[in-house]
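The values are calculated or read from the model by the stated rules, or taken from the named source; none is laboratory data. It should be emphasised that the depicted structure is a prediction, and the values quoted were computed from it without experimental measurement. Every residue, glycine among them, receives a Cβ derived from its backbone with ideal geometry; neighbour counts consider all protein chains shown.
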Amino acid sequence: MMHIKPILAALKRHKAGTILIAMQIALTLAIVCNAVFIIHQRLERVQRPTGMDEADVMAIHSIFVGLADNNAGPLIQADLQALRQLPGVQDAVSINSYPLRGGGWSTGVRTDVDAKDSKAHTTQYFADERVLATMGLKLVAGRNFRADEIVQADPQSVPDPSIVIVSKALADKMYPDGSGLGKPIYIGDTKKPTTIIGIVERLGVPWNSVWSDDFYENSLIQPVQLTGPFTNYLIRSKPGQLESVMKAAPAALVKANRMRVISKERGVRSFAQIRDDAYKGDKGMAILMSVVCLVLLGVTAAGIVGLTSFWVGQRRKQIGVRRALGATKRDILSYFLTENLLIGVVGVVIGALLAIGMNLWLVTQFEMARLSLVYVLIGVVALLLLGQGAVLAPALRASRVSPVEATRSV
Amino acid sequence: MFGYYLDLALRSLRRNKMLTALMVLAIALGIGASMTTLTVLHVLSGDPLPGTSTTLFYPQVDPRDMDGYEEGKRPPEQVSWPDGQNLLQAKRADRQALMTGGSVAVQPAQANIDPFFSDARYTTSDFFPMFKVPFLYGRPWSAQEDEAKARVVVITRTLNEKLFAGKNSVGQTLRIKDAALQVIGVLDDWRPTPRFYDLNTGSNYGTTEDVFVPLSTSRDAHFAHDGSTDCWGSGGGDDEHAETAPCVWLQYWVQLDSPAKVAAYREYLVHYSQEQKALGRFQRPPNVDLPNLMEWMDINKVVPGDVRLQTWLALGFLLVCLVNTVGLMLAKFLRRAGELGVRRALGASKREVFMQLLVESGVIGLAGGSFGLLLAFVGLWLVRKQPSSYAALAHMSVGMLMFTFLLAVGTTLLAGLLPAWRACQITPALQLKSQ
């Protein structure tokens, strides 16, 4: 570290090269920091729990055709009976949507009947009392629906329910002191109160994009069996029997009634597939960003190797002189390492500012959070290490320059 | 002279293969990544109806009540039934069409095809001539047929293949829900990208609907409407009362052939809003807009955020690759100071040395560009493997191909400027002396 002055003097004679390396380090740091931040955010999203016990669950999307309006009620009951009787099936339920499906119902809820604005946004699920068992939801307070509380309703005009099961997140949002159980809420524009009779630990909404993030765990389940021609069957198999049920269930449905459409591509899916489909875009983005980051670091390292090699080649004679005057191999090695460190420090300081600036700009352009400084710090350390690693090979070569070089004219 | 420079460049590049490979690879990676993402961006932000789009406009009025009113907020993205009908009947534009999306159960006459659901578009007669929709067989329906709620249907070529084995099906009957509709037209291939006319369906880059039915017929036969329905006040999304409910759920497009007509139409929308307010239907002060097709795409941010993000990422990557190349080229050129000194001493002017070095960087650019183009093809192939609705559209066009080469050579020449200029500053005498 005591050789900083001569190093600075030498760098002054290589202004262009020095600036270029520093610039490259700065740009790389800025891009990699933001990319890694985005990757991390995406991966966090991909791992977000739905509140369901997802193993052994599958879904079938079925549409009845050739049916007069919205009287599929008995047909759905027959379907459910057929499904629940299948060997290997633990439970089954007909529901309007489910977490990660991508489409569903949502509405505002209030606790004050006269309030104009809703207190929270929530998704609405409509299903019978078997839904908790089928989804594997954990009831943390209150009770489940009873079979006699389930009503049949046309999806065009669902009556306001008198009871409802909500997710803990929604209950706490409505009654922050945690006293939600047994209290009334008002769903949508209604004046009719609905009593919270049960609270489940967690239940995600059907959407997984950024816009739904601020109400991701606000869900409620109404004791309603919809009678429209579109329905989703969620089926829980006995442990380990999902594969056979995935074959048997659609066949049983077709056998029960042929006048239906089950789409070939997305009609029958295991929940693992559903999760995969829902997050394909996020995963793809994370992979792409990772590849770009790695290549970027590689290019920067190669650039440092290339330019330092040139400097070493250019200074062979000076190195020889220094060696002849008593400098050890270590001195030469540390000279180049220190030189790179100096350039690197300038680069990362500029890069850190650039990374933060870039993030501020991205926040205005895309739905994105603010960059945490931890990423910048890790990036700074990583790039300095990268620089030192890259410079090592040319520096070692420099340290091996023999003192004899000093006596040669070329 | 150019040939000689080229020869010199190739010799010099061959002398240090590692360095050359590194520079070419860096340029290629940068160009490959940028071109892949730029091509996707180009395809996705393209004009769905080139030549026509500048005359197509999306009128907006604001029929909402005062709840949540804020000055300067955009009017709703769709129109309500009464407003749509009023604007349609007024016929103030050269052409106009009111439409919404839906989903219908098709029951094929053939026993071997199971019933299936198909996306449908319910619209009015001007839709086809206004959007220049090509017909393979038959014709679009007429305004009279709109009026009469005629049981007619226009289908796409794809559906025609599926149901009628691609034969001329005009005159055949198609059973949808409980209605029997007569096929009067079959569309030729038509895939406007993005599918601009309705941005509420969630797949802006998908194919068009397969079934087109007059809007009046769809309401008469109770075909289900889907897509977004935004209501206010005591409105509910109930399909049966959609005509009277305070909800917006239709898209309205007009064709206006001259700037004067555009100004007049905007004026008309303001007058219309004032008139409706006087009648008590509207409550807010007139809040209208009349974006043209491409403006409407921008307002709705049709291009997915991830695609724009990827493009920026790739451009940043290209920038780093270029800075890297500038550095390496600088090292390379300065290392040849001796050789350049000799050339200068033998009478080459600064300009000539400069040109020689630029030719060398041009060669690197060309090599990097060619290799980058290959990488871009691989990248686009990877994009096409993705599950997104626009995946199939990711193809390189001739224009983009030319652009790739220009970008590659242009940027490397630019990158070569500084090193070449620095190398020219060498004093021949000093170099010769140190030899």
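Looking at B:PHE317, is it more than 8 Å from chain A (Cβ to nearest Cβ), more than 20 Å from B:GLN251 (Cα to Cα) and either touching a strand residue (DSSP E or B) at 6+ places or on another chain (Cβ under 8 Å) or of a type in the set (Phe, Trp, Tyr) (or both)? Considered against the rule, which asks whether it is more than 8 Å from chain A (Cβ to nearest Cβ), more than 20 Å from B:GLN251 (Cα to Cα) and either touching a strand residue (DSSP E or B) at 6+ places or on another chain (Cβ under 8 Å) or of a type in the set (Phe, Trp, Tyr) (or both), B:PHE317 comes out as no.
Only residues that are facing chain A (nearest Cβ under 7 Å) and of a type outside the set (S, T, N, Q) were counted in the range B:320-334, giving 8. Restricted to strands (runs of 3 or more DSSP E) entirely inside the range B:97-181, those with at least 3 residues that are away from every other protein chain (no Cβ under 14 Å) are B:116-123, B:135-138, B:152-155. Among the criteria (1) within 14 Å of another protein chain (Cβ to nearest Cβ); (2) over 23 Å from the mean Cα position of the chain (by Cα); (3) of a type in the set (A, V, I, L, M, F, W, C), the one B:VAL40 does not fulfil is (2). Would a scan of the range A:134-149 turn up a residue that is closer than 27 Å to A:PRO74 by Cα, over 30 Å from the mean Cα position of the chain (by Cα) and crowded, with 20+ Cβ neighbours inside 10 Å? Yes, because at least one residue in the range A:134-149 is closer than 27 Å to A:PRO74 by Cα, over 30 Å from the mean Cα position of the chain (by Cα) and crowded, with 20+ Cβ neighbours inside 10 Å.
Within the bounds of the range A:17-34, is there any residue that is farther than 30 Å from A:ASN218 by Cβ and not in a helix (DSSP H, G or I)? No.
Name the single residue, out of those in the range B:415-435 being loosely packed, with under 14 Cβ neighbours inside 10 Å and not in a loop (DSSP other than H, G, I, E, B), that is nearest to the other protein chains (Cβ to nearest Cβ). Checking each candidate, the answer is B:SER434. Within the range A:154-186, the set of residues being modelled with pLDDT of 90 or more and either of a type in the set (A, V, I, L, M) or not assigned by TED's automatic domain parsing to the domain that holds A:ASN218 (or both) comprises A:ILE163, A:VAL164, A:ILE165, A:VAL166, A:ALA169, A:LEU170, A:ALA171, A:MET174, A:LEU181, A:ILE185. Considering A:TYR233, A:TYR186, the condition of being touching a helix residue (DSSP H, G or I) at 6+ places or on another chain (Cβ under 9 Å), crowded, with 20+ Cβ neighbours inside 10 Å and more than 11 Å from every other protein chain (Cβ to nearest Cβ) is satisfied by A:TYR233 alone. The residues listed here are A:ARG330, A:ARG323; of these, the one that is under 18 Å from A:THR407 (Cα atoms) and of a type in the set (D, E, K, R) is A:ARG323. The set of residues in the range A:28-45 being in contact with a Phe, Trp or Tyr (Cβ under 9 Å, 6 or more places away or on another chain) and of a type outside the set (Val, Ile, Thr) consists of A:CYS33, A:ASN34, A:PHE37, A:HIS40, A:ARG42, A:ARG45.
Within 11 Å of another protein chain (Cβ to nearest Cβ) and of a type in the set (A, V, I, L, M, F, W, C), is that true of B:TRP249? The answer is no for B:TRP249. Of the numbered criteria (1) farther than 30 Å from B:ALA90 by Cβ; (2) under 23 Å from the mean Cα position of the chain (by Cα); (3) of a type outside the set (Val, Ile, Thr), the one B:TYR137 fails is (2). Checked against the criterion of being touching a residue at least 40 places away in the same chain (Cβ under 8 Å), out of contact with any Phe, Trp or Tyr (no Cβ under 8 Å at 6 or more places or on another chain) and either crowded, with 18+ Cβ neighbours inside 10 Å or under 26 Å from A:GLN77 (Cα atoms) (or both), the candidates A:LYS191, A:LYS255, A:LYS264 yield just one match: A:LYS255.
Please specify each residue of the range B:174-198 satisfying the condition of being among the polar types (S, T, N, Q) and at pLDDT 90 or above. Across the range B:174-198, the qualifying residue is only B:GLN182. Of the strands (runs of 3 or more DSSP E) entirely within the range A:75-132, those holding at least 1 residues that are touching a residue at least 60 places away in the same chain (Cβ under 8 Å) and farther than 18 Å from A:SER270 by Cα occupy A:105-110, A:120-126. Checking each residue in the range A:46-71 for being loosely packed, with under 15 Cβ neighbours inside 10 Å, within 14 Å of another protein chain (Cβ to nearest Cβ) and either farther than 18 Å from A:GLN152 by Cα or aromatic (Phe, Trp, Tyr) (or both) picks out only A:GLY66.
Would you confirm, using the coordinates I've provided, whether B:ALA224 is crowded, with 17+ Cβ neighbours inside 10 Å, farther than 21 Å from B:THR156 by Cβ and within 11 Å of chain A (Cβ to nearest Cβ)? No: the conditions fail for B:ALA224. Among the residues of the range B:258-276, those identified as in contact with a Phe, Trp or Tyr (Cβ under 8 Å, 6 or more places away or on another chain) and closer than 15 Å to B:ASP289 by Cα are B:VAL262, B:TYR265, B:SER273. Of the residues screened, B:GLY51 is not one that is at positive phi, surrounded by fewer than 16 Cβ atoms within 10 Å (Cβ to Cβ) and within 14 Å of chain A (Cβ to nearest Cβ).
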